[in-house]
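Worksheet: one structure, shown below.
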Amino acid sequence: MSTVLASTLSETPVMRADGKTLGTVRTVIGNVATGELEHVLVDPPDEEVVYGFERADDGTIRIPAARISGLDDYLIVDGDDSAA
């Protein structure tokens, strides 16, 4: 993924590469020393949506930066088909 300001990701819809909607970006977490994105926290539309991602204590879905594959109208992430 190209360089993007973290502030532009807030409230961005998130979708798996197969078209399944995960929710919207709530928080972007990065490494302060390197400036690299570590993961995003996503507000799911309901409690059933996880699709193989870790759920944080506050109910958000934690998506590692390594799973992000693109950004256009949606933040696109690679899914884990084994947990779908």
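Scanning region 58-80 for residues that are crowded, with 19+ Cβ neighbours inside 10 Å and at positive phi gives no hits. For region 57-72, the candidate set comprises residues that are assigned to a strand (DSSP E or B) and among the small types (Gly, Ala, Ser); within that set, the residue that is farthest from Thr12 (Cα to Cα) is Ser69.
Please work out if Ala66 is among the aliphatic types (A, V, I, L, M), at pLDDT 90 or above and more than 11 Å from the chain's Cα centre (by Cα). No: the conditions fail for Ala66. Give Asp46, Asp18 a once-over and let me know the one that is at pLDDT below 85 and either aliphatic (A, V, I, L, M) or not in a strand (DSSP E or B) (or both). Exactly one residue qualifies, and that residue is Asp46.
From the list Val42, Val14, Val28, Val50, pick out the single residue that is among the aliphatic types (A, V, I, L, M), surrounded by 14 or more Cβ atoms within 10 Å (Cβ to Cβ), within 15 Å of Asp72 (Cα to Cα) and under 12 Å from the mean Cα position of the chain (by Cα).
On the way: Val42 fails: within 15 Å of Asp72 (Cα to Cα); Val28 fails: within 15 Å of Asp72 (Cα to Cα); Val50 fails: within 15 Å of Asp72 (Cα to Cα).
The match here is Val14.
Ala33 fulfils the conditions (1) modelled with pLDDT of 90 or more; (2) among the hydrophobic types (A, V, I, L, M, F, W, C); (3) crowded, with 16+ Cβ neighbours inside 10 Å except for a single criterion, (3).
The values are calculated or read from the model by the stated rules, or taken from the named source; none is laboratory data. Keep in mind that what you see is a predicted model, and the values were worked out from it rather than measured. Don't worry about glycine lacking a Cβ; one is built from the backbone with ideal geometry, like all the others, and counts go over all protein chains shown.
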